[in-house]
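Asker: What follows is a single structure, and I will ask about it in a moment.
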Amino acid sequence: MFTRRVAVVGAGYVGLTTGACLASLGHQVVCADIDAAKVERLRRGVVDIVEPGLAEMVVEQVSAGRLSFVVGAASAVSAGFPADAGAEGLDAEIVFLCLPTPMGVGGVADLRAVEVVVEETRELLAAGAVVVNKSTVPVGTAGRTAELLDRADVAVVSNPEFLREGSAVHDFLNPDRIVVGCDTAEAAERVAALYARLGAPTVLTDAASAELMKYAANCFLAMKLSYVNAMAELCERVGADIGDVTEGIGYDRRIGQAFLSPGPGWGGSCLPKDTHALLQVADAADFEFRLLRATIDTNTRQRQRIVDKVRQAVTGRRAGSLTRVRLGLLGLTFKAGTDDLRDSPALAIAALLRQAGAELVGYDPALATDPTAPADPDKTVLGVSEGPGGREIDGIRLVSDPLEAAQGAEALVVLTEWPMFRTLDWASMAGVMKQPTVIDTRNLLDPATLRRAGLTGIGLGRRGAA
Ligand code: UGA
């Protein structure tokens, strides 16, 4: 296997995972970020994001001399490699762009970060270098990047990532497929060869198809979830059970068991952004993608549906008032296994509950800190601030123990599927609540356990507990 000199621009969760994993496959990697303080922390082996196995891998690869960190893209692409890092030259042979592409005006992906880096590095790239876009970008971005680069001797490749937060390292090393899109076959093969050791099926295609494939995958997943959430609602109306229905359809290998759990709606930094961005791609191509629009609308409606369930459970009426009703929220991150709050359905639902007048107390294992422990200056959690009543996020008072969230609550609402919630001491929780009701938006908890603890459990589309 060839060892390549690889520069990775952007040390966020995609860039850092890509850099560390490529180093673990034997490549020589220099990873760049504009945040000098973050680079300094990474050099010391401090990883800010919660990603199982990533910090250990970073430390291991740094000490093996295969991974290093620099400030700024320019330092990574040129002369950033140790003198013994490969045959001739010290420049990067392959440059990965792992940059944020947030949702901009009107749902269009904002490509400013990509443009800035291209501008900064275009004259520094070695002849024959390959620029690889890993960020999720609108169809046509590879072509646009090539135009901005204006270098006939540098190829631009699209190589989308399919990493889930919370299992990014595992997903990188055990991919379902590798997708490499380029209009120059030689450059595509060079990028595909980086992953040869993983033995995954590889789709070599043109750049536009690779770019579209990323959106197509995320939007299909979103559609699957909106379908399941709608089906759960139908189950409630006809007296069926969503768990049995999804188990049954999941045995059909064309459908599959994965990604069929109903919930408070899909969120996170990818699915919401990518569904809107694909709608824009469709609009720009004068194509009315009604199925995708319905997927998004179903998801927006799901939040209101949860609020209605809470109203019904607490007041006995679908339109009952939640003014000054105290609710305990269990789980605030967009899914379990991460501390990421971006586009979290839990926070969107909390905002609706607050607008309805409810008083919210929240517990999340990723945000709970031991109040006696010294604050870790290396770790700041997005959105959490000190308010008059202690730590809070968007008006939700944060507590460090689930029992505190239950104290005096008229209902508990489970919003994230943290496994620890299954084994809470539910009898003690029931003992401190004003009204023993749990609305379980993830169908996580065992209804019999709740019943034994004296609680009424309400799930989504569950037989006898909806
Ligand atoms: C998603 C994709 O799964 C990855 O393949 C992709 O690489 C990534 O986006 C990306 O574009 O970078 P991620 O955002 O980490 O990964 O989250 P998922 O695990 O896909 O979950 C998305 C949302 O769906 C979460 O809110 C989650 O709670 C929800 N979900 C997931 C359900 O409600 N039910 C399920 O059965 C599965």
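Asker: Amide H of Asp91: which non-local residues (sequence gap of 5 or more, or other chain) have their own amide H closer than 5 Å, using H built in the peptide plane?
Answerer: Residues meeting the amide H criterion: Ala79.
Asker: If you find the alpha carbon centre of region 440-466 and of region 301-320, how far apart are they in angstrom?
Answerer: Computed from Cα coordinates, the inter-centre distance equals 16 Å.
Asker: If you place +1 on the Cβ of every Lys and Arg and -1 on the Cβ of every Asp and Glu, how big does the dipole about the Cα centre of region 254-342 come out, in debye to the nearest 20?
Answerer: Details: 15 positive and 8 negative charges, 141 e Å.
It works out to roughly 680 debye.
Asker: Hey, what number do you get for the chain at 222 nm if only DSSP H runs of n ≥ 4 count, each worth -39500 (n - 2.57), divided across all residues, to the nearest 500? Write out the running numbers ahead of the final one.
Answerer: Values: 16 runs with 180 residues, N = 466.
It lands at -12000 deg cm²/dmol.
Asker: Given a Förster radius of 60 Å and the C-beta distance between Asp401 and Ala127 as r, what FRET efficiency does 1/(1 + (r/R0)^6) yield to the nearest 0.05?
Answerer: Rounded to the nearest 0.05, the efficiency is 0.50.
Asker: Given charges of +1 on the Cβ of Lys and Arg and -1 on the Cβ of Asp and Glu, with all other atoms neutral, how large is the dipole of the chain about its Cα centre, in debye to the nearest 20? Before the final figure, lay out each step's value.
Answerer: Values: 46 positive and 58 negative charges, 382 e Å.
Dipole magnitude for the chain comes out near 1840 debye.
Asker: Just the number, please: percent antiparallel of the DSSP beta bridges in region 5-205, rounded to the nearest 5. Display every interim value, and only then the final one.
Answerer: Working: 2 of 28 bridges.
Percent antiparallel among DSSP bridges in region 5-205 is about 5.
Asker: What does the net charge come to around Met213 if you take all other residues with beta carbon closer than 11 Å to its beta carbon, with K and R at +1 and D and E at -1? Don't jump to the answer; show the numbers that get you there.
Answerer: On the way: positive: Arg177, Lys214; negative: Asp206, Glu211.
Around Met213, the charge tally is 0.
Asker: Of the cross-linked pairs Lys38/Lys214; Lys309/Lys434; Lys214/Lys273; Lys224/Lys335; Lys273/Lys309; Lys134/Lys335, which ones have a Cα-Cα span greater than 20 Å in the structure shown? It would help to have the intermediate numbers written out before the result.
Answerer: Details: Lys38/Lys214 28 Å; Lys309/Lys434 18 Å; Lys214/Lys273 12 Å; Lys224/Lys335 17 Å; Lys273/Lys309 27 Å; Lys134/Lys335 23 Å.
Distance filter (> 20 Å) returns Lys38/Lys214; Lys273/Lys309; Lys134/Lys335.
Asker: Using a 7 Å offset from the Cα along the Cα-to-Cβ direction at both Val203 and Phe220, what is the distance between the two label points in nm, to one decimal?
Answerer: Modelled inter-label distance: 0.7 nm.
Asker: Okay, next question. Would you mind computing, in nm to one decimal, how far apart the modelled labels at Val432 and Ala185 are, each placed 7 Å from Cα along Cα→Cβ?
Answerer: 6.7
Asker: Using the Karplus curve 6.51 cos²θ - 1.76 cosθ + 1.60 with θ = phi - 60°, what ³J(HN,Hα) values do you get for each residue of region 154-165, in whole Hz, with x for Gly and Pro?
Answerer: For region 154-165, the Karplus curve yields 10, 8, 10, 10, 9, 9, x, 9, 10, 8, 8, 4 Hz.
Asker: For Arg391, what residues show an amide H to amide H distance below 5 Å, using hydrogens built from the backbone and excluding near sequence neighbours?
Answerer: For Arg391, whose amide H was placed from the backbone, the distant partners under 5 Å are Leu398.
Asker: Also, I was wondering about something else. Which net charge results when you count Lys and Arg as +1 and Asp and Glu as -1 among the other residues whose beta-carbon is under 12 Å from that of Met231? Write out the running numbers ahead of the final one.
Answerer: Numbers: positive: Lys224, Arg237; negative: Glu233, Glu236, Asp241, Asp244.
Charge balance in the 12 Å sphere: -2.
Asker: Can you list, bin by bin at 20 Å, the percent of alpha carbon pairs in the chain, starting at 0?
Answerer: All Cα pairs considered, the percentages come to 23, 50, 25, 2.
Asker: I've got another one for you. Which percent, nearest 5, of DSSP beta bridges in the chain are antiparallel? It would help to have the intermediate numbers written out before the result.
Answerer: Numbers: 7 of 50 bridges.
So the antiparallel bridges in the chain amount to around 15 percent.
Asker: For the chain, what are the DSSP H helices with axial Cα length of 20 Å or more and mean Kyte-Doolittle hydropathy of at least 0.0?
Answerer: Working: long enough: 207-238 (46 Å, 0.55); 290-315 (37 Å, -0.84).
Membrane-span-like by this rule: 207-238.
Asker: Now a separate question. Under a Cβ-only charge scheme (Lys and Arg +1, Asp and Glu -1), can you give me the dipole magnitude of region 5-205 about the Cα centre, in debye to the nearest 20?
Answerer: Charge dipole, region 5-205, about its Cα centre: 320 debye, nearest 20.
Asker: Compute the label zone of Ser321 within region 397-418: residues whose backbone N is under 20 Å from the point 7 Å along Cα-to-Cβ.
Answerer: 409-411
Asker: Which residues' amide hydrogens lie under 5 Å from the amide hydrogen of Val414, considering only partners 5 or more residues apart or on another chain, with H built in the peptide plane?
Answerer: Under 5 Å from the amide H of Val414: Leu330, Ile439, Asp440, Thr441.
Asker: Could you tally the net charge around Gly263, taking each other residue with its Cβ under 9 Å from the Cβ of Gly263, Lys/Arg +1 and Asp/Glu -1?
Answerer: Numbers: positive: Lys335, Arg442; negative: Glu417.
The answer is +1.
Computed from the coordinates by the stated procedures, all read-outs in this text should not be read as laboratory data. Predicted model only: the values in this text are computed from it and were never measured. As a convention, Cβ positions derive from the backbone with ideal geometry for all residues, glycine included, and neighbour counts pool all protein chains shown.
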